[in-house]
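Written below as structure tokens is the structure these notes are about.
The values are calculated or read from the model by the stated rules, or taken from the named source; none is laboratory data. Keep in mind it's a predicted model, so treat the numbers as computed, not measured. Cβ atoms come from the backbone with ideal geometry, glycine included; neighbour counts cover every protein chain shown. The area values use the complete protein model at the heavy-atom level, side chains included, leaving out ligands, DNA and RNA. Shrake-Rupley method; radii C 1.70, N 1.55, O 1.52, S 1.80 Å.
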Amino acid sequence: MLSTIAAAVGLFVATNLDDIVVLTVLFAVAARGTSRLRGWQIVAGQYLGLVTLIAVSFLAALGLTIVPDEWVGLLGLIPLAIGVMALVRTLRGQDDDDEAESALKAVGLFGVAGITIANGGDNIAIYTPVFRTISTTDAVVTIVVFLVLLALWCLLARAIGTNEKVTEGLEKVEHWLVPVVFIGLGVFILIESGTLAHIASLL
């Protein structure tokens, strides 16, 4: 149980670290009262978006039931590739698109949910193989951990919403932390699923 919770925490952080920047900007906009955006809409929109990403990932995982577990682990190449590309982009000094500007366009609950889903392509790519390779009980525990951590994510973003120095510092760390976590996750999936061992046995 503890190992499942720890893995879920790492998975959530890996796939949602960039969202803290968007959340911070949204809460800052809501706090200024210059838009129709309200704090409860940000929280509800985030939950709606995350639940949608989880549902899509879970359904995709169910669709992979005819694929042997040894080969499902190849999906671990997806987060691995994402991590490597992000690392290369960081080493080249290329910044991601300004997510803050996109966040400022969100108005209301569904606007926030839309941003969450739009930025969740990597979430689906990573959640799907994870849900496919763990038991139903572990999947339930993982989802619960996600929902609890999202509440903490929102509280953290609200607390630092108007602190520009903290936001800039997080963006600097993100460029290095996200690639490392994604690469580690990809390697973990390849090993945990037995894919590498299965390939080695065929050689």
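Rundown of residues vs (1) at pLDDT 80 or above; (2) more than 20 Å from V140 (Cα to Cα); (3) exposed (fewer than 14 other Cβ atoms within 10 Å of the Cβ), yes/no style:
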site	(1), (2), (3)
Q46	yes, no, no
F58	yes, no, no
I78	no, yes, no
V107	no, yes, yes
G111	no, yes, no
G114	no, yes, no
Name the single residue that is modelled with the highest pLDDT among those in the stretch 142-159 being open to solvent by 30 Å² or more (accessible area, probe 1.4 Å) and in contact with a Leu (Cβ under 9 Å, 6 or more places away or on another chain).
L147
Tell me whether the stretch 90-102 contains one or more residues that are under 27 Å from G184 (Cβ atoms), among the aliphatic types (A, V, I, L, M), modelled with pLDDT of 75 or more and open to solvent by 50 Å² or more (accessible area, probe 1.4 Å).
yes
Just to be sure I understand the filter: pairs with C-beta atoms under 6 Å, separated by 6 or more residues or on different chains, first member in the stretch 17-28 and part of a helix (DSSP H, G or I), second member polar (S, T, N, Q) and open to solvent by 10 Å² or more (accessible area, probe 1.4 Å). Which pairs pass?
T24/T167; A28/T162
